[in-house]
1. Of the residues Lys34, Lys7, which single one is in a helix (DSSP H, G or I), of a type in the set (Lys, Arg), crowded, with 18+ Cβ neighbours inside 10 Å and out of contact with any Asp or Glu (no Cβ under 6 Å at 6 or more places or on another chain)?
2. Counting only residues that are of a type outside the set (Ser, Thr, Tyr) and within 20 Å of Gly53 (Cα to Cα), which one in segment 114-123 is nearest to the chain's Cα centre (by Cα)?
3. Please find, within segment 15-28, the residue that is modelled with the lowest pLDDT out of those that are buried (at least 16 other Cβ atoms within 10 Å of the Cβ) and touching a strand residue (DSSP E or B) at 6+ places or on another chain (Cβ under 9 Å).
4. Test Ala132 against the stated conditions and say whether it is at pLDDT 95 or above, among the small types (Gly, Ala, Ser) and exposed (fewer than 15 other Cβ atoms within 10 Å of the Cβ).
5. Would you be able to say whether some residue in segment 168-176 is at pLDDT 90 or above, touching a helix residue (DSSP H, G or I) at 6+ places or on another chain (Cβ under 8 Å) and within 21 Å of Ile47 (Cβ to Cβ)?
6. Can you find even one residue in segment 139-147 that is surrounded by fewer than 15 Cβ atoms within 10 Å (Cβ to Cβ) and out of contact with any strand residue (DSSP E or B) (no Cβ under 7 Å at 6 or more places or on another chain)?
7. Report the residue count in segment 58-100 for those that are farther than 21 Å from Lys7 by Cβ, of a type in the set (A, V, I, L, M, F, W, C) and surrounded by 14 or more Cβ atoms within 10 Å (Cβ to Cβ).
Amino acid sequence: MQSLNRKDHWEQVYAMRPDWELSWFELVQALSLKMIQRSVRGKGNSIVDIGGGNSRLVDCLLAEGFISVAVLDVSSKALIIAQARLGSKAAEVQWIESDVLTWNCTSPYDIWHDRAAYHFLTDAADRATYAALASNAVKSGGVLIVATFALDGPRSCSGLPVYCASADMIAADFAPSFELVQSLPHEHVTPSGNIRERCVNRILSE
């Protein structure tokens, strides 16, 4: 999907329904928080949430005391919703409206978190572009946390095809710049009660 079409698609998605009705909604992203907590060296570590949209992860990170948090999303609508929800605390967050594949990251992060964008990159060339960008946008010794649909997971999400991957596939996608150090299965229950098999991967920058 081209960048412009991707933006149009997600602007429409976020305009149609509130976040608690979207299939990926979690009030608390417990596994993501666990992975982040295992990776940080202090509350001053910089964290970017790729494809964060109007996710509640940023709320949780601020509540945990993290002071350098960024949220990137292609949808301006999603970011506006998140900012309105946070109120005055939105000023504590760096908001980045961009397609991740065309993002020019000028300051690397300690933690890169993505449970929403990578699995939509069904083209191998797009995944290679993503991996190259991440290798420049994550500090040496930093951590990449990427969630994908598992091999036995659904083949589509929000009307788009998805990339389903095993831990070995993820390791190959990000080698040699990153080394896979942990992969955990996760059963995500959607607001409608469906179970979607995911795999959350913690990858260390070389």
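1. Numbers: Lys34 fails: crowded, with 18+ Cβ neighbours inside 10 Å.
Result: Lys7 is the single residue among Lys34, Lys7 that is in a helix (DSSP H, G or I), of a type in the set (Lys, Arg), crowded, with 18+ Cβ neighbours inside 10 Å and out of contact with any Asp or Glu (no Cβ under 6 Å at 6 or more places or on another chain).
2. Of all residues in segment 114-123, those of a type outside the set (Ser, Thr, Tyr) come to 114-117, 119-121, 123.
From the residues that got through so far, the ones that are within 20 Å of Gly53 (Cα to Cα) too are 114-117, 119-121.
Working: Asp114: 2, Arg115: 4, Ala116: 4, Ala117: 6, His119: 10, Phe120: 11, Leu121: 12 Å.
Applying the filter and picking the extreme gives Asp114.
3. The initial filter retains those residues of segment 15-28 that are buried (at least 16 other Cβ atoms within 10 Å of the Cβ), namely 19, 22, 24-26.
Narrowing further to those that are touching a strand residue (DSSP E or B) at 6+ places or on another chain (Cβ under 9 Å): 24, 26.
Values: Trp24: 61, Glu26: 76.
Step by step, filter segment 15-28, then rank; the result is Trp24.
4. Values: at pLDDT 95 or above: yes; among the small types (Gly, Ala, Ser): yes; exposed (fewer than 15 other Cβ atoms within 10 Å of the Cβ): yes.
Criteria met by Ala132.
5. So the first thing to find is which residues in segment 168-176 are at pLDDT 90 or above, and the list is 168-176.
Pick out the ones that are also touching a helix residue (DSSP H, G or I) at 6+ places or on another chain (Cβ under 8 Å) and you get 173-174.
When the remaining residues are screened for being within 21 Å of Ile47 (Cβ to Cβ), the result is 174.
Yes, that holds for at least one residue.
6. Keep residues of segment 139-147 that are surrounded by fewer than 15 Cβ atoms within 10 Å (Cβ to Cβ), which gives 140-141.
From what's left, out of contact with any strand residue (DSSP E or B) (no Cβ under 7 Å at 6 or more places or on another chain): none.
No; the residues of segment 139-147 include none that is surrounded by fewer than 15 Cβ atoms within 10 Å (Cβ to Cβ) and out of contact with any strand residue (DSSP E or B) (no Cβ under 7 Å at 6 or more places or on another chain).
7. Step one: list which residues in segment 58-100 are farther than 21 Å from Lys7 by Cβ, which gives 59-69, 85-92.
This time we only want the ones that are of a type in the set (A, V, I, L, M, F, W, C), so: 60-63, 66-67, 69, 86, 90-91.
Pick out the ones that are also surrounded by 14 or more Cβ atoms within 10 Å (Cβ to Cβ) and you get 60-62, 66, 69, 86, 90.
Qualifying residue count for the region: 7.
Residues checked against (1) surrounded by fewer than 20 Cβ atoms within 10 Å (Cβ to Cβ); (2) in contact (Cβ under 8 Å) with a residue 12 or more places away in the chain; (3) more than 15 Å from the chain's Cα centre (by Cα):
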{"site": "Pro108", "(1), (2), (3)": "yes, yes, yes"}
{"site": "Ala125", "(1), (2), (3)": "yes, no, yes"}
{"site": "Asn136", "(1), (2), (3)": "yes, yes, yes"}
{"site": "Asp152", "(1), (2), (3)": "yes, yes, yes"}
{"site": "Phe174", "(1), (2), (3)": "no, yes, yes"}
{"site": "Val181", "(1), (2), (3)": "yes, yes, yes"}
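The values are calculated or read from the model by the stated rules, or taken from the named source; none is laboratory data. These numbers were taken from a predicted model, which means no experiment stands behind them. Virtual Cβ from ideal backbone geometry, glycine too; neighbours counted across all protein chains shown.
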